[in-house]
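Chemist: Starting off with a structure, shown below.
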Amino acid sequence: MKTRAIALLSLTALLLSACTGKEEQKQVKEEFPVVKIESVHIEDVNQESEYTATVEAYKTNNISSNSGARIKRLLVDVGSRVRAGQSVAILDDVNIAQQQIVLANQKRDLERAKELVRIGGGTQQTVDQLQAQYDANLRALRTMQENTVLTSPVSGVVTQKNFDAGDLPAGPILVIEQQQPLKVVVNVNETELPQVKPGMAVDVKFDTYGDEVFPGRVHIIHPTIDPNTRTVEVEVTINNSSNRVHSGMFARVIFNFGQSRNIVVSDRAIQKQIGSGMRYVYVYKADGTVEFREVTLGRRLSDRYEILGGLSDGEKVVTEGQSRLTNGSKVELAK
């Protein structure tokens, strides 16, 4: 009986030892982080940059008068389309009539003075003084006339009407915007400035019209760089002959600088070092370990990144399971 009990105890101990061994093997196996990897390859990458801005009128004119006269009649309203030189408002002309009477009297006095000089009864100095007065008042009359019948200096659309007939205006009566063409002012990165040229074709998209592309061209490149943002203002003009685009719309301006062959990697592989702007990946090595590798990012391509430095064609990078990794970590590949 005693022998049988000893045998049972030995068998139990053996079983416990076997289970413990299996558990230890399992624990050792789980010490290696499980990761997913993928190979990276060189691809043709479109060198495109997208900038956002708000559409602006090509020119904006504030129609006002400095004559101090009341508005007699407005010939247009908000939304009216006008031509350059078209009359848009008429002001009270009572001051013009008074000025014309003054000029008529001065002209008679001037003619008399000239006649007196001709017959030897006057002086040239008097003629010169009267002539100067007459010329000054004639210019004043012309200014009054220009400020009585107001015209639009551009072809465009009336976007604001600030006063009505009978008002004594104290500011712009109308605002007229030239919307053919329109313009978008974007802040281009200093590093891309050498590739931007006047007349360069660009694509413009509007959220209103989805993926529809509107052609645009670089019109003006401003000569100074903002020292705070390291960007330069670039004006892009948009042909708006269809009148589908309006000032105030949100625009996306896409510059295409050609193609470049570079490594492309999934954005899941890219990690950011806490406390710095450094980006890195873990490269899977043939011996089953991973190597910490700093990389230089290029353009964002949907769910991938262009890599400008740090990786070679065909290398394998970790795309899942990076949280437990350090340089040289032994890993297990997910099945």
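Chemist: May I ask you to verify whether Arg261 is under 30 Å from Glu320 (Cα atoms) and either modelled with pLDDT of 95 or more or part of a strand (DSSP E or B) (or both)?
Modeler: Details: under 30 Å from Glu320 (Cα atoms): yes; either modelled with pLDDT of 95 or more or part of a strand (DSSP E or B) (or both): yes.
So Arg261 fits the description; yes.
Chemist: Could you list, in sequence order, all residues of the range 111-168 that are of a type in the set (Ser, Thr, Tyr) and either within 17 Å of Gln86 (Cα to Cα) or touching a Phe, Trp or Tyr at 6+ places or on another chain (Cβ under 7 Å) (or both)?
Modeler: Across the range 111-168, the qualifying residues are Thr148, Thr151, Ser152, Ser155, Thr159.
Chemist: For Arg230, work out the one condition from (1) among the charged types (D, E, K, R); (2) surrounded by 12 or more Cβ atoms within 10 Å (Cβ to Cβ); (3) on the phi < 0 side of the Ramachandran plot it doesn't fulfil.
Modeler: Every listed condition holds for Arg230 apart from (3).
Chemist: Please give the number of the condition Phe292 fails out of (1) modelled with pLDDT of 95 or more; (2) within 23 Å of Val188 (Cα to Cα).
Modeler: (2)
Chemist: Let me ask another. Among (1) loosely packed, with under 13 Cβ neighbours inside 10 Å; (2) polar (S, T, N, Q); (3) in contact (Cβ under 8 Å) with a residue 24 or more places away in the chain; (4) within 30 Å of Ser80 (Cα to Cα), which single condition is Ser247 missing?
Modeler: (1) is the only condition that Ser247 fails.
Chemist: Condition test on Asp207, is it in the same structural domain as Leu193 (by TED's automatic domain parsing), touching a strand residue (DSSP E or B) at 6+ places or on another chain (Cβ under 7 Å) and under 21 Å from Arg300 (Cβ atoms)?
Modeler: For Asp207, the condition - in the same structural domain as Leu193 (by TED's automatic domain parsing), touching a strand residue (DSSP E or B) at 6+ places or on another chain (Cβ under 7 Å) and under 21 Å from Arg300 (Cβ atoms) - is met.
Chemist: For the subset of the range 133-179 comprising residues that are crowded, with 19+ Cβ neighbours inside 10 Å and small (Gly, Ala, Ser), which member is nearest to the chain's Cα centre (by Cα)?
Modeler: Checked the range 133-179; the qualifying residue nearest to the chain's Cα centre (by Cα) is Gly156.
Yes or no, residue by residue, for (1) in the same structural domain as Tyr305 (by TED's automatic domain parsing); (2) under 16 Å from Glu48 (Cβ atoms); (3) at pLDDT below 95:
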{"site": "Val202", "(1), (2), (3)": "no, yes, no"}
{"site": "Asp211", "(1), (2), (3)": "no, yes, yes"}
{"site": "Val218", "(1), (2), (3)": "no, yes, no"}
{"site": "Glu235", "(1), (2), (3)": "no, no, no"}
{"site": "Ser242", "(1), (2), (3)": "no, no, yes"}
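Chemist: Got a sec? Which of Lys285, Lys272 is exposed (fewer than 15 other Cβ atoms within 10 Å of the Cβ), under 30 Å from Asn187 (Cβ atoms) and of a type in the set (Lys, Arg)?
Modeler: Values: Lys285 fails: under 30 Å from Asn187 (Cβ atoms).
So the residue among Lys285, Lys272 that is exposed (fewer than 15 other Cβ atoms within 10 Å of the Cβ), under 30 Å from Asn187 (Cβ atoms) and of a type in the set (Lys, Arg) is Lys272.
Chemist: Which residues, counting only those in the range 272-298, are under 29 Å from the mean Cα position of the chain (by Cα) and among the polar types (S, T, N, Q)?
Modeler: Once the filter is applied, which keeps residues that are under 29 Å from the mean Cα position of the chain (by Cα) and among the polar types (S, T, N, Q), the range 272-298 yields Ser276, Thr296.
Chemist: Condition test on Asn162, is it free of Cβ contacts under 8 Å to residues at least 60 places away in the same chain and in contact with a strand residue (DSSP E or B) (Cβ under 9 Å, 6 or more places away or on another chain)?
Modeler: Answer is yes for this residue.
Chemist: Further question: Answer yes or no: is there a residue in the range 297-305 that is within 18 Å of Ile37 (Cα to Cα), aliphatic (A, V, I, L, M) and not assigned by TED's automatic domain parsing to the domain that holds Ile225.
Modeler: No.
Chemist: Going through the range 308-327 one residue at a time, which ones are among the acidic types (Asp, Glu) and part of a strand (DSSP E or B)?
Modeler: Selection gives Glu320 alone.
Chemist: Those residues that are under 18 Å from Thr191 (Cβ atoms) and either touching a Phe, Trp or Tyr at 6+ places or on another chain (Cβ under 7 Å) or touching a residue at least 40 places away in the same chain (Cβ under 8 Å) (or both), I need them from the range 224-244; list them, please. Step through it out loud before you land on a result.
Modeler: The first filter runs over the range 224-244 and keeps only residues under 18 Å from Thr191 (Cβ atoms), leaving 224-234.
Scanning the range 224-244 gives Thr229, Arg230, Thr231, Val232, Glu233, Val234.
Chemist: Quick one: in the range 69-109, of everything that is among the β-branched types (Val, Ile, Thr) and within 36 Å of the chain's Cα centre (by Cα), which residue is surrounded by the fewest Cβ atoms within 10 Å (Cβ to Cβ)?
Modeler: Among those residues, the one meeting the criterion is Val78.
Chemist: Which of the residues spanning the range 279-307 are within 22 Å of Val331 (Cβ to Cβ), free of Cβ contacts under 8 Å to residues at least 24 places away in the same chain and in a loop (DSSP other than H, G, I, E, B)?
Modeler: Of everything in the range 279-307, those that are within 22 Å of Val331 (Cβ to Cβ), free of Cβ contacts under 8 Å to residues at least 24 places away in the same chain and in a loop (DSSP other than H, G, I, E, B) turn out to be Lys285, Ala286, Asp287.
The values are calculated or read from the model by the stated rules, or taken from the named source; none is laboratory data. Please read all numbers here as calculations on a predicted model, not as lab measurements. Every residue, glycine as well, gets a Cβ built from its backbone with ideal geometry; the counts of neighbours run over all protein chains shown.
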